[in-house]
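**Q** Sharing a structure here in structure tokens format.
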Amino acid sequence: MHEMSYVRNVVDIVTEEAAASGVKRVQAVYLAIGEGRDIVEDYFEGLFRHLARGTVAENAEIVIHRVPYTMRCNRCGTPFHAEYIRREPRVCPCCGSADDCTFLRGMEFSISSIEAAVDDDEEESISPALAETATGL
């Protein structure tokens, strides 16, 4: 269950950013996770609930955006979606070249933003350097 280390890092970053910003409650955490990351979303959300107990993020909603696994053909430059688990050659849909491509996206893991309440009536989004901070978890 490798999700545990990812979730622990997310909870740590979210609570540290919330403390630094003076928020009382984190309402939502938005994540960008590449298709190539073997993350089971239900486990992730359950672990987040467990590890965030007693923190400002205790009742936060987890919103996951899956980033497609994308390649670019080295011959014609066409970007295309590829199945990351498939062991067959990756064939460019434009020129037909096989396995002559470069990886573009699909292994990301980052916090896109955090939605938080500064006081009971106010909401604000905090995410100044989160994309950079959390990338590569």
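The values are calculated or read from the model by the stated rules, or taken from the named source; none is laboratory data. Just so you know, these numbers come straight off a predicted model, no measurement behind them. Here the Cβ positions follow ideal geometry from the backbone for every residue, glycine too, while neighbour counts run over all protein chains shown. In case anyone asks, the SASA skips ligands and DNA or RNA and just uses the protein heavy atoms, side chains included. Shrake-Rupley method; radii C 1.70, N 1.55, O 1.52, S 1.80 Å.
**Q** Output the residues belonging to region 36-67 that are closer than 16 Å to N9 by Cα, basic (K, R) and surrounded by 12 or more Cβ atoms within 10 Å (Cβ to Cβ).
**A** Answer for region 36-67, where residues must be closer than 16 Å to N9 by Cα, basic (K, R) and surrounded by 12 or more Cβ atoms within 10 Å (Cβ to Cβ): R37, R49.
**Q** Look through region 7-31, keep the residues that are surrounded by 20 or more Cβ atoms within 10 Å (Cβ to Cβ) and touching a residue at least 60 places away in the same chain (Cβ under 8 Å), and return whichever of them is nearest to V118 (Cα to Cα).
**A** Looking at residues that are surrounded by 20 or more Cβ atoms within 10 Å (Cβ to Cβ) and touching a residue at least 60 places away in the same chain (Cβ under 8 Å), I get V23.
**Q** Have a look at E83, E88, E41 and point out the one that is within 17 Å of I111 (Cα to Cα) and not hydrophobic (A, V, I, L, M, F, W, C).
**A** Just one listed residue meets the conditions, E41.
**Q** Report, ordered by the first and then the second residue, all pairs with beta carbons closer than 6 Å, sequence separation of six or more or different chains, a first member in region 65-79 that is closer than 30 Å to E45 by Cβ, and a second member that is in a strand (DSSP E or B) and basic (K, R).
**A** V67/R105; T70/R105
**Q** Hey, does region 41-53 have a residue that's assigned to a strand (DSSP E or B) and of a type in the set (D, E)?
**A** Within region 41-53, none of the residues are assigned to a strand (DSSP E or B) and of a type in the set (D, E).
So that you can scan it fast, the table gives a plain yes or no per residue for (1) modelled with pLDDT of 95 or more; (2) over 30 Å from C101 (Cβ atoms):
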site: M1; (1), (2): no, yes
site: Y6; (1), (2): no, no
site: V10; (1), (2): yes, yes
site: V14; (1), (2): yes, yes
site: A19; (1), (2): no, yes
site: V23; (1), (2): no, yes
site: A28; (1), (2): yes, yes
site: L51; (1), (2): yes, yes
site: E58; (1), (2): yes, yes
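**Q** Taking region 68-99 as the search range and keeping residues that are more than 26 Å from D38 (Cβ to Cβ) and either among the charged types (D, E, K, R) or open to solvent by 90 Å² or more (accessible area, probe 1.4 Å) (or both), which one is modelled with the lowest pLDDT?
**A** Per the criteria, the residue is C94.
**Q** For the condition closer than 19 Å to E115 by Cβ and basic (K, R), what is the one hit in R49, R37?
**A** Result: R49 is the single residue among R49, R37 that is closer than 19 Å to E115 by Cβ and basic (K, R).
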